[in-house]
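For reference, the structure discussed in these notes is given below.
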Amino acid sequence: MDHPLSYNGALVLQCITRGHRYGFEMMRVTGLPSGTVYPLLRRLEHTALVSSRWEEVDPVEEGRPQRRVYDVTEEGREALVTALERFAEHRRLFDHPIPGPAY
């Protein structure tokens, strides 16, 4: 992958791997707005980190619109592992800050 995942990108990928595979579920779980989640899903799909398909239900029978189902690809899983390692290192930096000058 050319660019590392952003925090929100990793959050959405992690969300999908935990079974929250619809955009609205991702918004509910992460607290991210639709204006962040849906463009991010399009970018992740464009870079082959996720794939999507329309769910196989009859919207009339279900009484709601059809939803897109998102899955993390193998490349997406690898990118997520790398991002989680990077974020763990970030966490260690914040857990053990370097002492600065005393003011």
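The values are calculated or read from the model by the stated rules, or taken from the named source; none is laboratory data. It should be emphasised that the depicted structure is a prediction, and the values quoted were computed from it without experimental measurement. Virtual Cβ from ideal backbone geometry, glycine too; neighbours counted across all protein chains shown. Each accessible area value is taken on the protein alone, full model and side chains, heavy atoms only, with ligands, DNA and RNA left out. Shrake-Rupley method; radii C 1.70, N 1.55, O 1.52, S 1.80 Å.
The long axis of helix 34-46 is offset from the longest Cα principal axis of the chain by roughly 90 degrees. A Gaussian network model of the chain, with springs between Cα atoms under 10 Å, assigns the largest mean-square fluctuation among 67, 43, 91 to 91. Solvent-accessible area of the range 13-79 (1.4 angstrom probe, protein heavy atoms only): carbon and sulfur portion equals 50 percent.
When Lys and Arg each count +1 and Asp and Glu each count -1, what net charge do the other residues less than 13 Å away from residue 56, Cβ to Cβ, add up to? If you can, show how the numbers build up before the last one.
Values: positive: 53, 67, 68; negative: 55, 58, 61, 62.
After counting each charged neighbour, the total is -1.
Take the chain, drop everything but the C-alpha atoms, weight them equally and run the Debye formula without solvent; then report log10 I(q)/I(0) at 0.11, 0.22, 0.25 Å⁻¹ to two decimals. For the chain, the Cα-only Debye profile gives -0.42, -1.14, -1.35.
Surface exposure of the chain, expressed per residue as accessible area with a 1.4 Å probe, stands at 71 Å².
Can you give the FRET efficiency for residue 85 and residue 34, using 1/(1 + (r/R0)^6), R0 = 30 Å, r = Cβ-Cβ distance, to the nearest 0.05? That pair, residue 85 with residue 34, gives E of 0.55. What is the local net charge at residue 28, summed over the other residues whose Cβ is closer than 14 Å to its Cβ (Lys, Arg +1; Asp, Glu -1)? Net local charge, residue 28 excluded: +2.
Summing -39500 (n - 2.57) over the DSSP H runs of n ≥ 4 in the chain and dividing by its residue number, what mean residue ellipticity at 222 nm do you reach, to the nearest 500 deg cm²/dmol? Provide the component values of the computation, followed by the final result.
Details: 5 runs with 58 residues, N = 103.
Rounded to the nearest 500, it is -17500 deg cm²/dmol.
Rounded to the nearest 20 debye, the dipole magnitude of the range 20-99 is 360 debye, with +1 charges on Lys and Arg beta carbons, -1 on Asp and Glu beta carbons, and the Cα centre as origin. Mind telling me which of 29, 57, 37 comes out most flexible in a GNM of the chain, alpha-carbon contacts under 10 Å? Top of the fluctuation ranking is 57. Here is the list for the range 30-103: GluC sites (Glu not before Pro) lying in DSSP coil, each with at most 15 other C-beta atoms within 10 angstrom of its C-beta, are 55, 56.
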